[in-house]
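Colleague: Please see the structure below; I have some questions.
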Amino acid sequence: MRTNRRGFLVGSALAAVALGACSTPDAVAARPEGLLDPQRRRVADAVISTFENSTVDLPYAQAQRLGDGRGITAGRAGFTSGTHDLLLVVRRYEASAGGATPLTRFVRPLERIDAAGGGSSTRGLDGFEDVWRSTSQTDPRLDQAQDAIYDDLYFRPALDLARGAGQVTGLGQLVVLDTAVQHGRGGPDGLQALITETGAQPDPATWLGRFLEVRRAHLQDPANEETTEVWRESIPRVDTLETLLRERRFDLDTPLTWDFAGDRFSLA
């Protein structure tokens with residue numbers, strides 16, 4: 001999970017075409033709920049990527065040190081060396097390769113950082129960013145490992161929590177998923193804490209508005225002081241989501257245009 005500014009699922013375009021080809025009322029009624037619909041998920045991935053990477057494309061090969069207290073940030077969801085998930089990706093990649101990979105030499109340093117409680121340490125990770133970039137660009141198994149860990153840690157748990165809060169629309173689930181990606185699920189600034197603080201609301205739209213207010217407050221004054229500067233800079237992602245809420249873009253239908261931090265993005 002990463003915190004800076006910075007999508008598309010394999011097969012989503014084919015799924016969208018197949019859906020469009022079905023013109024009967026029964027076929028339309030059968031469209032999956034929320035982000036389980038491939039087209040809505042494509043939009044959600046693109047919006048989150050603009051927040052994280054300033055592009056609608058997923059940055060599988062990106063790796064950098066943000067100075068946000070989480071060490072190295074890499075890949076499509078901003079997996080970090082300081083929050084365990086980057087280690088999980090490297091291990092999943094190694095398992096899929098059936099042996100050593102170009103990233104294998106970083107497993108032990110990542111494990112030591114994890115055992116020490118994570119955080120900002122990058123000891124033993126010199127050269128990681130270059131190896132990550134080149135491997136992502138040459139071996140699709142690394143990108144597939146990223147997709148698998150993203151679904152395990154963020155997508156499926158976030159959708160479960162969103163449904164539990166009454167959020168069944170594409171926009172509602174996008175807001176919850178984006179929060180999981182940036183904040184993580186646990187801890188005083190995590191998704192679960194924000195849901196609890198939001199509490200019960202009279203209807204899903206009101207809940208969503210209140211949740212975004214709570215999220216803004218945590219970005220402004222996070223419990224982890226090391227994240228303060230970067231998180232405050234990311235407050236415009238809440239502005240963008242609030243605009244989509246005011247515009248009632250609950251279905252995330254395309255064409256969709258949105259502004260983020262002075263830039264404009266769109267999907268057809």
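Coordinate-derived values only; no laboratory data. Keep in mind that what you see is a predicted model, and the values were worked out from it rather than measured. Because the Cβ atoms are built from the backbone with ideal geometry, glycine has one as well, and the counts that use them run over all protein chains shown.
Colleague: If the viscosity is 0.692 mPa s and the temperature 37 °C, what translational diffusion coefficient in µm²/s does Stokes-Einstein give for the range 31-117 when Rh comes from Kirkwood over Cα pairs?
Modeller: 226 µm²/s
Colleague: Over the C-alpha atoms of the chain, what are the Rg and the largest Cα-to-Cα span, Dmax, in Å?
Modeller: Expressed in Å, the Cα Rg and Dmax of the chain come to 18.5, 59.
Colleague: Roughly how many debye, to the nearest 20, is the charge dipole of the range 12-267 about its Cα centre, given +1 on each Lys and Arg Cβ, -1 on each Asp and Glu Cβ, and no other charges? Mind dumping the intermediate values first?
Modeller: Numbers: 27 positive and 37 negative charges, 71 e Å.
It comes to approximately 340 debye.
Colleague: Shifting gears a bit: Can you list residues from other chains, or at least 5 along the same chain, whose modelled amide H is less than 5 Å from the amide H of I72?
Modeller: S81, G82
Colleague: Still on this structure, I have one more. From the backbone phi of the range 117-130, what are the Karplus-calculated ³J(HN,Hα) couplings (6.51 cos²θ - 1.76 cosθ + 1.60, θ = phi - 60°) in whole Hz, Gly and Pro given as x?
Modeller: Each residue's phi maps through the Karplus curve to give x, x, x, 8, 4, 10, 4, x, 10, 4, x, 4, 4, 5 Hz.
Colleague: To continue, here is another question. Farthest toward the dipole's positive end in the range 12-267, which of Q137, V176, A74, given Cβ charges of +1 (Lys, Arg) and -1 (Asp, Glu) about the Cα centre?
Modeller: Working it through, the farthest residue towards the positive pole turns out to be Q137.
Colleague: Another question, if that's okay. On a C-alpha basis, how far is the centre of the range 35-103 from the centre of the range 113-177 in Å? Whole number, if you could?
Modeller: If you average the Cα positions of each part, the centres end up 5 Å apart.
Colleague: Mind giving me the nanometre distance, one decimal, between the label points for A148 and R264, set 7 Å out from Cα along Cα→Cβ?
Modeller: Each label point is offset 7 Å from its Cα along the Cβ direction, giving 4.2 nm.
Colleague: Describe numerically, in nm with one decimal, the distance between label points set 7 Å from Cα along Cα→Cβ at H84 and at D57.
Modeller: It works out to 3.3 nm between the two label points.
Colleague: Using 0.36 nm times the number of residues separating R163 and T243, minus their current alpha carbon distance, what extension gain do you get?
Modeller: Using 0.36 nm per residue and subtracting the Cα-Cα distance, I get 26.6 nm.
Colleague: Could you work out how much longer the chain between Q137 and V107 gets when fully extended? Use 0.36 nm per residue separation minus the Cα distance between them, nm to one decimal.
Modeller: Once the chain is fully extended between Q137 and V107, it gains 8.8 nm.
Colleague: What are the radius of gyration and Dmax of the range 77-127, computed over its Cα atoms and given in Å?
Modeller: Rg, Dmax (Cα atoms, Å): 10.5, 30.
Colleague: PRE reach from I235 (point 7 Å along Cα→Cβ): which of the range 186-213 fall under 13 Å by backbone N?
Modeller: Once the point is set 7 Å along Cα→Cβ of I235, 213 turn out to lie under 13 Å by backbone N, inside the range 186-213.
Colleague: Ranked highest first by the average count of other Cβ atoms within 10 Å around their residues, in what order do 49-59, 253-263, 147-157 fall?
Modeller: Order by mean packing, descending: 49-59, 147-157, 253-263.
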